[in-house]
Structure formats: structure tokens, C-alpha cells
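*Asks:* One structure, pasted below without further comment.
The values are calculated or read from the model by the stated rules, or taken from the named source; none is laboratory data. Since the model is a prediction, treat every value here as computed from it, not as a measurement. Don't worry about glycine lacking a Cβ; one is built from the backbone with ideal geometry, like all the others, and counts go over all protein chains shown. Just the protein is used for accessible areas: all its heavy atoms, side chains included, with ligands, DNA and RNA removed. Shrake-Rupley method; radii C 1.70, N 1.55, O 1.52, S 1.80 Å.
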Amino acid sequence: MNQFSLRHDVTGHEHSTECLGSWCASPDAAEHTISLTEALRSVRRPLFLVRKESALVAELGGIGQLGGAPGAGESLAAYAPPCLPENLGDPSFCRDLGIRFPYLGGSMAKGISSAAIAEELGRAGMLGFFGAAGLPLSQVEAAIDRLKSSLGELPFGFNLIHSPHEPDLERDLAELYIRKEVRIVEASAFLDLTLPLVRYALHGIRRGQYGKIVLPNRVIAKVSREELAAKFFAPAPEKFLRELVENGSLSAEQAELAAHVPLAQDVTAEADSGGHTDNRPAIALFPTIASLAVRLQAQYNYDRKLRVGLAGGVSTPASAAAAFAMGAAYLMTGSVNQACVESGTSDTVRALLAETRQADVIMAPAADMFEMGVTVQVLKRGTMFPMRAAKLYEIYRSHKSLAEIPATEMEKLEKTFFQATVDDIWRDTRSYFLVRDPAQVDRAERDAKHQMALVFRWYLGMAAHWAKDGAEKRRMDYQVWCGPAMGAFNEWAAGSFLQSPEQRKVVTVALNILHGAAALNRANFLRSQGIDLPQEAVALPPLELAQIKEYLC
């Protein structure tokens with residue numbers, strides 16, 4: 001489609017779009033016909049819609065003059081400027097992080113957001129977070145060493161997840177990041193600020209050469225509630241500063257500097273995402289957090305800009321374009337990356353994700369915050385995990401100990417859920433926690449209800465491992481963290497090469513989302529000038545990576 005009719009209203013009468021100016025073909029330009037879709041995708045070049053008789057024709061070359069009568073040239077009906085994907089977000093965000101594109105691969109626990117994802121995104125001018133939650137410290141340390149070696153000076157990040165039931169593990173992970181000089185951390189699932197998080201954020205704080213306060217470590221907080229966003233945007237609480245000074249982690253001078261900077265300059269508004277989420281709609285959550293950032297910026301009179309990104313539901317060019325239109329400084333993706341070949345999950349899970357639709361997700365009890373009733377969003381299609389996890393929480397709420405569970409109920413749990421006796425499960429669980437966190441065993445041997453919680457958490461935790469490892473015999477127990485964005489991606493990718501799980505590569509997906517968003521931004525620019533664009537021209541199906549690079553170079 002290289003031309004299309006002028007817009008008509010419901011009566012069938014043609015609209016008279018105003019003349020923006022004139023357009024002339026370049027004297028030395030060869031005759032070349034280009035489709036509107038091709039013109040929209042050519043994001044590095046200005047796009048002119050030229051009125052020719054009763055049609056509009058897309059032109060990329062030539063000379064456009066805005067304002068005045070057409071004169072010797074042809075009538076210019078609309079114009080869209082270049083729109084590079086790297087310019088869609090906040091340029092200061094990319095500059096501060098040392099990346100080209102405002103695109104982050106969010107963390108998914110147990111290494112599902114893998115070192116390979118972080119490497120691929122880093123080399124492509126983006127940033128990936130390694131999903132450290134639920135992994136032994138030795139495995140996290142090995143991932144740090146790998147990324148430092150493979151990426152060199154290119155940026156990468158690691159996840160620090162809130163661990164209210166295992167605070168020592170949260171502390172040890174924060175200390176590992178300090179010791180290994182991990183400079184970017186994604187703080188997720190926090191219910192409140194903690195001392196280990198604040199210590200990491202403020203470690204090494206100082207005044208720079210020109211007097212500006214420098215924070216070597218950067219926290220990017222992922223939140224679903226404005227009250228928590230306010231805590232991250234504020235300076236570190238005084239009680240934590242006093243404690244850090246008292247234990248020697250900060251000097252008095254450093255604590256004074258900390259009172260003048262936000263704990264996190266960047267906050268990701270996490271909407272309806274996979275895993276930990278409050279299922280907030282992005283279109284309501286993001287403007288709320290963005291407004292909060294403006295207000296707190298003025299309140300604290302910071303010397304640096306508070307920025308807000310968006311996560312949850314972002315998996316297509318349309319959702320990315322909407323996020324940037326609302327003012328997102330950057331995008332963060334999650335579910336869609338798990339479906340890529342570089343993720344740390346199994347081929348079986350990737351195949352399940354490739355068949356997922358938006359309604360195929362549900363909330364289920366979270367392993368890390370089981371006793372608190374916290375839930376995570378998971379895949380329900382092809383697995384019994386959500387129903388079984390909910391049943392375990394119902395039993396936990398109704399009974400004081402394993403011994404109190406009726407024999408018929410216990411028989412069902414052992415035969416169907418655990419596929420082992422409770423005694424065997426407790427033996428394995430006890431051995432695990434004696435290494436990971438011995439205090440949990442001490443408490444369980446004094447508190448029968450806590451013992452029951454640990455046994456039930458064994459199932460929830462193993463369900464994620466069975467999925468990650470592709471354990472065929474436990475397929476009906478797979479726990480797969482997933483949000484509705486996965487279904488949106490599959491709908492968009494249907495019929496293209498990205499429909500196949502084997503073709504889904506994290507950079508190809510990322511650049512399709514970003515490049516498509518830039519093209520849609522140009523389309524919206526034309527719409528704002530009264531142009532009625534044909535639907536087929538803005539469908540923008542996925543492109544091979546080499547094709548996208550031609551448009552971006």
C-alpha cells in the first residue's frame with residue numbers, strides 16, 4: 001500500500017485536511033514507491049504524506065516546507081519526524097546507566113532471567129537483571145563472576161528480593177553484592193525498606209570532583225504501591241542511618257550526604273505482571289507513581305531527576321508505545337523473556353508459554369511469603385499447581401500442625417501432591433534448611449505450625465524447580481510465573497516466525513518491541529494531524545533481527 005484515500009466522515013463526505021505546507025521531490029532522487037508501513041518503519045527518516053489528487057502518498061525523501069501555501073510543490077497533508085527507539089524514554093536514564101535503549105530485562109527468580117539473557121541484552125545496548133532469588137550464594141557469585149568476565153564494562157544488574165522470613169539471607173546477598181562490586185540492583189517484592197537494602201544503596205557514598213553527591217551503587221526499585229514508591233524516592237530513614245553509623249558501615253559525613261539523595265532515583269511501576277504483583281492496571285498505576293515523583297522531586301529539592309519506568313503487561317509494540325506515551329523513562333519486560341531460548345527455564349515451559357492466552361494466568365500462594373498469604377501470578381494452563389497450592393494454604397489456615405490434618409486429607413496430599421510421605425518431605429526440608437538457614441529448623445522443632453508451613457513450602461518451591469528443569473513426571477505440578485503480557489505477545493506474534501518457541505531470542509524480541517513502538521509513535525503523530533490510517537498499515541508484525549538493524553542503522 002503506497003497510497004490511501006483521504007478521510008471520510010460517517011456521511012461519506014470527504015474531510016478537508018489542512019495543508020501543512022509543501023513538498024518537493026529531490027532533484028536527483030530516483031523514482032521510488034514506498035508503502036505506508038515501510039515509511040512508518042523507516043524511523044530514522046522524516047515521513048511526508050503528500051496529497052496527490054484524491055489520495056495521500058507516503059514519501060521519505062524530498063524537501064518538505066512547513067507553513068504557507070504549496071506554491072510550486074505538492075500539498076503536504078501531514079508530517080512525522082524521525083523517531084529512534086533509543087529516544088523513546090528518558091535520555092538521562094540511558095546516559096546514567098550507560099545503555100543505548102531504554103529497555104530492561106527484569107529479574108525472574110531461580111536464574112530464569114539468566115546470565116545469558118543479561119549478556120545478550122548488554123551487548124545489544126540494553127540491560128538485563130540476573131534472577132538471584134531462591135539460589136544459593138555460591139551460584140549467585142558464580143553468575144557475578146561470569147558477567148563481569150563476559151561483559152567487561154557493559155552494564156548488568158542483579159536482583160535483591162525481600163525475604164521477610166529469611167532476613168539473614170537478604171543480608172548475606174546484599175553483602176555479596178557490595179563485596180563483588182555489583183553496581184546495579186533491582187529491589188523487588190519489598191513490603192518495606194530494610195537495613196541490608198539501605199546499606200547496599202549507600203555503600204561508598206561521597207562527594208564527587210565538582211561537589212555533586214555520588215552513589216556508586218544504584219537501586220532500581222520495582223513497586224506496585226505508591227506508599228512504597230514514596231519510601232524509595234525519599235532519603236534513607238534516619239533510624240537506618242544511625243544504625244549504619246553505629247556499626248561502622250557509614251561515617252557521620254556519609255550519613256549526612258545520604259539525607260540529600262533519594263534511596264532510589266529510579267522506580268519501576270509494576271502493573272499486572274508475572275510473579276509478585278498487585279495486579280494494578282498500568283494505565284492507572286503509572287500516572288500515579290509519575291505524579292508522586294514530580295511532587296517528591298520538588299519536596300526534597302534533589303539535584304537529580306526522579307524517574308519512573310513501567311513493567312507488567314509490556315510485550316508488544318502497542319503496549320510499549322502506550323508506556324512511552326504516558327512518560328515512562330524506560331520499559332521493563334519479564335514474562336516474554338522467560339519464553340526466549342536464553343532463559344533459564346526448560347523447553348517444556350517455553351512450549352507452554354508459546355500457547356498461553358491472556359486468560360491463562362491466575363494468582364497462587366507464594367513460596368517465599370506463604371505464611372503471610374501473599375500470592376504470585378502464575379500460569380494455570382497445563383498445570384494443577386495453582387489449585388494445589390491454594391489447597392495447601394487452605395489447610396495451613398485451618399490446622400495447627402501436620403498431625404491435626406485428617407488422615408484422609410493427608411493420604412491425598414502424600415499420594416497426589418507430594419508423591420512421598422510427609423516424614424520424607426520433612427527430612428529433606430530439614431536437611432535443606434540446616435544448610436540454608438538453621439534458625440528455621442530450630443523454630444520448626446518448637447512450633448508445629450511452622451513445621452507445617454515449611455513442608456508446604458517444599459511443594460511450592462519444588463514446583464518452580466520441576467518447571468525450570470522440565471521434570472516430565474511432575475508436569476502437572478509446574479509453577480510458572482507468568483502475566484497476561486505473554487498472551488498479548490502470542491497474539492501479536494501469531495503467524496510470524498516468532499510464533500515458534502525456538503525462534504524467540506531475547507534481543508530479537510526486545511528490538512521488535514522497541515522498533516515497533518517507534519513506528520507506532522510516528523503513526524500516532526500522523527493521526528494527531530487528522531490522518532485516518534488504514535489498520536493494515538499499522539499492524540507491524542515481527543521482523544527478523546537483520547531487517548530491524550537495517551532500519552536502525
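*Asks:* Determine which member of the set E53, E74, E86 is at positive phi and either in contact with a Phe, Trp or Tyr (Cβ under 6 Å, 6 or more places away or on another chain) or surrounded by fewer than 17 Cβ atoms within 10 Å (Cβ to Cβ) (or both). Please lay out each step first, then the result.
*Replies:* Numbers: E74 fails: at positive phi; E86 fails: at positive phi.
So the residue among E53, E74, E86 that is at positive phi and either in contact with a Phe, Trp or Tyr (Cβ under 6 Å, 6 or more places away or on another chain) or surrounded by fewer than 17 Cβ atoms within 10 Å (Cβ to Cβ) (or both) is E53.
*Asks:* Could I ask something else about it? Tell me the residue from S150, S92 that is touching a helix residue (DSSP H, G or I) at 6+ places or on another chain (Cβ under 7 Å), surrounded by fewer than 22 Cβ atoms within 10 Å (Cβ to Cβ), closer than 29 Å to G275 by Cβ and of a type in the set (G, A, S), please. So that I can check it myself, show each step before the final result.
*Replies:* Working: S92 fails: touching a helix residue (DSSP H, G or I) at 6+ places or on another chain (Cβ under 7 Å).
On inspection, the qualifying residue turns out to be S150.
*Asks:* Another question about this same structure. Going through P196, P262, P235 one at a time, which residue ends up being within 20 Å of F129 (Cα to Cα) and not in a strand (DSSP E or B)? Quick ask: steps written out before the conclusion?
*Replies:* Working: P262 fails: within 20 Å of F129 (Cα to Cα); P235 fails: within 20 Å of F129 (Cα to Cα).
Only one candidate qualifies: P196.
*Asks:* Checking A118 against (1) closer than 30 Å to Q479 by Cα; (2) at pLDDT below 85: exactly one of these is not met. Which one?
*Replies:* For A118, the failing item is (2).
*Asks:* Please verify whether L191 is under 20 Å from R171 (Cα atoms) and at pLDDT below 95, treating the condition exactly as stated. Before the answer, list the steps.
*Replies:* Details: under 20 Å from R171 (Cα atoms): yes; at pLDDT below 95: yes.
Spelling it out, L191 is indeed under 20 Å from R171 (Cα atoms) and at pLDDT below 95.
*Asks:* Then there's this: Do any strands (runs of 3 or more DSSP E) lying entirely in the range 83-176 carry at least 1 residues that are β-branched (V, I, T), and which ones are they?
*Replies:* Values: elements: 103-105, 127-130, 157-161.
Here the list reads 157-161.
*Asks:* Tell me the residue from G530, G516, G470 that is of a type in the set (G, A, S), surrounded by 16 or more Cβ atoms within 10 Å (Cβ to Cβ) and more than 19 Å from T37 (Cβ to Cβ), please. Steps first, please.
*Replies:* Values: G530 fails: surrounded by 16 or more Cβ atoms within 10 Å (Cβ to Cβ); G516 fails: more than 19 Å from T37 (Cβ to Cβ).
Answer to the check: G470.
*Asks:* A further question follows. Report yes if some residue within the range 279-297 is surrounded by fewer than 21 Cβ atoms within 10 Å (Cβ to Cβ) and at positive phi; otherwise report no.
*Replies:* Yes, the range 279-297 has at least one match.
*Asks:* Do we find a residue being free of Cβ contacts under 8 Å to residues at least 40 places away in the same chain and open to solvent by 20 Å² or more (accessible area, probe 1.4 Å) anywhere in the range 484-491?
*Replies:* Taking the range 484-491 as the starting set, the residues that turn out to be free of Cβ contacts under 8 Å to residues at least 40 places away in the same chain are none.
Among the residues of the range 484-491, not one is free of Cβ contacts under 8 Å to residues at least 40 places away in the same chain and open to solvent by 20 Å² or more (accessible area, probe 1.4 Å), which makes the answer no.
*Asks:* If you check M476 against the conditions, is it modelled with pLDDT of 95 or more and open to solvent by 30 Å² or more (accessible area, probe 1.4 Å)?
*Replies:* Working: modelled with pLDDT of 95 or more: yes; open to solvent by 30 Å² or more (accessible area, probe 1.4 Å): yes.
Against the criterion (modelled with pLDDT of 95 or more and open to solvent by 30 Å² or more (accessible area, probe 1.4 Å)), M476 qualifies.
*Asks:* Of all residues in the range 298-308, which are in contact (Cβ under 8 Å) with a residue 24 or more places away in the chain and either surrounded by fewer than 23 Cβ atoms within 10 Å (Cβ to Cβ) or in a loop (DSSP other than H, G, I, E, B) (or both)?
*Replies:* The first filter runs over the range 298-308 and keeps only residues in contact (Cβ under 8 Å) with a residue 24 or more places away in the chain, leaving 300, 302-308.
The answer is Y300, Y302, D303, R304, K305, L306.
*Asks:* Still on this structure: Filter the range 199-211 down to residues that are in a loop (DSSP other than H, G, I, E, B) and not aromatic (F, W, Y) and give me whichever is surrounded by the most Cβ atoms within 10 Å (Cβ to Cβ).
*Replies:* Of the range 199-211, the ones in a loop (DSSP other than H, G, I, E, B) are 203-205, 208-211.
Now restrict to residues that are not aromatic (F, W, Y): 203-205, 208-209, 211.
Details: H203: 20, G204: 13, I205: 22, G208: 8, Q209: 6, G211: 7.
Per the criteria, the residue is I205.
*Asks:* Being open to solvent by less than 30 Å² (accessible area, probe 1.4 Å) and within 22 Å of F385 (Cα to Cα), is that true of even one residue in the range 429-443?
*Replies:* Quick first cut of the range 429-443, residues open to solvent by less than 30 Å² (accessible area, probe 1.4 Å) only: 429, 433, 437, 440-441.
Filter once more, so that each one left must be within 22 Å of F385 (Cα to Cα): 429.
Yes: the range 429-443 contains one or more residues that are open to solvent by less than 30 Å² (accessible area, probe 1.4 Å) and within 22 Å of F385 (Cα to Cα).
*Asks:* Taking the range 407-425, which residues are over 36 Å from the mean Cα position of the chain (by Cα) and not acidic (D, E)? Spell out how you get there, then give the answer.
*Replies:* Initially, the range 407-425 is screened for residues over 36 Å from the mean Cα position of the chain (by Cα), giving 407-412, 414-415, 420-424.
Within the range 407-425, A407, T408, M410, K412, K415, A420, T421, V422 qualify.
*Asks:* Is the range 32-43 home to any residue that is acidic (D, E), open to solvent by 50 Å² or more (accessible area, probe 1.4 Å) and either more than 17 Å from Q535 (Cα to Cα) or in contact with a Pro (Cβ under 7 Å, 6 or more places away or on another chain) (or both)? Explain how you work it out, then say what you get.
*Replies:* Within the range 32-43, the first condition is being acidic (D, E), and the residues that meet it are 38.
Those left that are additionally open to solvent by 50 Å² or more (accessible area, probe 1.4 Å): 38.
From the residues that got through so far, the ones that are either more than 17 Å from Q535 (Cα to Cα) or in contact with a Pro (Cβ under 7 Å, 6 or more places away or on another chain) (or both) too are none.
Among the residues of the range 32-43, not one is acidic (D, E), open to solvent by 50 Å² or more (accessible area, probe 1.4 Å) and either more than 17 Å from Q535 (Cα to Cα) or in contact with a Pro (Cβ under 7 Å, 6 or more places away or on another chain) (or both), which makes the answer no.
*Asks:* Let me ask you something else. I'd like to know if the range 432-441 contains one or more residues that are outside any helix (DSSP H, G or I) and hydrophobic (A, V, I, L, M, F, W, C).
*Replies:* So the first thing to find is which residues in the range 432-441 are outside any helix (DSSP H, G or I), and the list is 437.
Narrowing the set further to residues that are hydrophobic (A, V, I, L, M, F, W, C) leaves none.
No, because not a single residue in the range 432-441 is outside any helix (DSSP H, G or I) and hydrophobic (A, V, I, L, M, F, W, C).
*Asks:* Quick one: what pairs do we get from the range 371-400, first residue more than 14 Å from V455 (Cβ to Cβ), second exposed (fewer than 15 other Cβ atoms within 10 Å of the Cβ) and among the hydrophobic types (A, V, I, L, M, F, W, C), C-beta under 7 Å, 6+ apart or different chains?
*Replies:* T383/M476; M384/M476
*Asks:* Filter the range 158-187 for residues that are under 19 Å from the mean Cα position of the chain (by Cα) and open to solvent by less than 10 Å² (accessible area, probe 1.4 Å); which is nearest to D437 (Cα to Cα)? Spell out the reasoning first.
*Replies:* Applying the first criterion (under 19 Å from the mean Cα position of the chain (by Cα)) to the range 158-187 yields 158-162, 183-187.
Of the ones still in play, those that are also open to solvent by less than 10 Å² (accessible area, probe 1.4 Å) are 158-160, 185-187.
Numbers: F158: 22, N159: 20, L160: 17, V185: 23, E186: 23, A187: 22 Å.
Once the filter is applied, the top-ranked residue is L160.
*Asks:* Considering each of T421, T356, T416 in turn, give the residue that is surrounded by 21 or more Cβ atoms within 10 Å (Cβ to Cβ) and not aliphatic (A, V, I, L, M). Write out each step before concluding.
*Replies:* Values: T421 fails: surrounded by 21 or more Cβ atoms within 10 Å (Cβ to Cβ); T416 fails: surrounded by 21 or more Cβ atoms within 10 Å (Cβ to Cβ).
Checking each option against the conditions leaves just T356.
*Asks:* Taking the stated definitions as given, is S22 at pLDDT 85 or above, open to solvent by less than 70 Å² (accessible area, probe 1.4 Å) and in contact with an Asp or Glu (Cβ under 7 Å, 6 or more places away or on another chain)? Let's see the steps before the verdict.
*Replies:* Numbers: at pLDDT 85 or above: yes; open to solvent by less than 70 Å² (accessible area, probe 1.4 Å): yes; in contact with an Asp or Glu (Cβ under 7 Å, 6 or more places away or on another chain): yes.
Yes; evaluated as a whole, the condition is true for this residue.
*Asks:* OK, next. Determine if the range 330-350 includes at least one residue that is part of a helix (DSSP H, G or I), free of Cβ contacts under 8 Å to residues at least 40 places away in the same chain and basic (K, R).
*Replies:* no
*Asks:* Considering each of A221, A258, A252, A230 in turn, give the residue that is out of contact with any Pro (no Cβ under 8 Å at 6 or more places or on another chain), open to solvent by less than 10 Å² (accessible area, probe 1.4 Å) and among the hydrophobic types (A, V, I, L, M, F, W, C). Walk me through how you get there before you give the answer.
*Replies:* Numbers: A258 fails: out of contact with any Pro (no Cβ under 8 Å at 6 or more places or on another chain); A252 fails: open to solvent by less than 10 Å² (accessible area, probe 1.4 Å); A230 fails: open to solvent by less than 10 Å² (accessible area, probe 1.4 Å).
Just one listed residue meets the conditions, A221.
*Asks:* From A329, A311, A320, grab the single residue that is surrounded by 24 or more Cβ atoms within 10 Å (Cβ to Cβ), within 24 Å of A116 (Cα to Cα), touching a Lys or Arg at 6+ places or on another chain (Cβ under 7 Å) and not aromatic (F, W, Y).
*Replies:* A311
Okay, residues lined up against (1) at positive phi; (2) modelled with pLDDT of 95 or more; (3) under 17 Å from the mean Cα position of the chain (by Cα):
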| site | (1), (2), (3) |
| --- | --- |
| N301 | yes, yes, no |
| L306 | no, yes, no |
| P317 | no, yes, yes |
| A320 | no, yes, yes |
| Q338 | no, yes, yes |
| V349 | no, yes, no |
| E355 | no, yes, no |
| I362 | no, yes, no |
| F370 | no, no, no |
